[in-house]
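The values are calculated or read from the model by the stated rules, or taken from the named source; none is laboratory data. Note that the coordinates shown come from a computational prediction; the quantities given were computed from them, not determined experimentally. Using ideal geometry, Cβ is built from the backbone for each residue, glycine included, and neighbour counts are taken over all protein chains shown. Accessible surface areas use protein heavy atoms only, side chains included; no ligands, DNA or RNA. Shrake-Rupley method; radii C 1.70, N 1.55, O 1.52, S 1.80 Å.
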Amino acid sequence: MTPASPLPSSSAPARRAARRGGRVAALAAVAALVLAGCVGPKEQTEVTEQPTPTAADVRGLDAIYDQDLDWQPCGDLECATLVVPLDYGEPDGDTIEVAVNRHRATGDRIGSLLINPGGPGASGLDALSGIALPRFGEEVVARYDLVGFDPAASGPPPR
C-alpha cells in the first residue's frame, strides 16, 4: 500500500478556508451558548413577603400544637403517630395520622431537624435511618434530634 499523495499546492487555500470556516462555526456555537446563559427567564415571578403568623392565625390549632407524642421503641429509633388537620383552613375538621420516627441526640441537644426526603413517594421514615443518619456526621447526630415523617403515607405505620 502506498501512502496517499499530498494534495496539490493549489488546494492549500481551500484547506485554509475550510479550517477557518470550521473555527468560525465553533466560535459562533460557543458564543451562542455563553449568551444563552446570560438571558433571564421570559417570565419572572415577583417575590412577596409573607406576614409573620399571629395568635389569630393559629386559633383552633391548640389541640394539634399541644400534643404529647407517645414515643415507642422501634429498632434503633423511636416511633410515634402525630395527628394533624386534613385541612389547616378547617382545623376543627377531619384529621389524619402521620407516622413519625426520631433518633435522639446523643450529646448536648440543641434542637431538632426534620428530614423531608422530597418525593414523590419517598418515605421520610426510611430516609432518616437510610440516608440522614449515615451522612449527617457525628456532630449533627450528637446535637440534634433527627425526625423523619411519612409525608405521603408511603411507609408502614410506626411499630
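Per-residue answers, yes or no, for (1) of a type outside the set (Ser, Thr, Tyr); (2) free of Cβ contacts under 8 Å to residues at least 12 places away in the same chain; (3) open to solvent by 30 Å² or more (accessible area, probe 1.4 Å); (4) closer than 25 Å to residue 64 by Cβ:
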position	(1), (2), (3), (4)
89	yes, yes, yes, yes
99	yes, no, no, yes
103	yes, no, yes, yes
111	yes, no, no, yes
131	yes, no, yes, no
134	yes, yes, yes, no
137	yes, yes, yes, no
150	yes, no, no, yes
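All but one of (1) at pLDDT below 90; (2) touching a helix residue (DSSP H, G or I) at 6+ places or on another chain (Cβ under 8 Å); (3) surrounded by 14 or more Cβ atoms within 10 Å (Cβ to Cβ) hold for residue 123; which doesn't?
Of (1) at pLDDT below 90; (2) touching a helix residue (DSSP H, G or I) at 6+ places or on another chain (Cβ under 8 Å); (3) surrounded by 14 or more Cβ atoms within 10 Å (Cβ to Cβ), only one is false for residue 123: (2).
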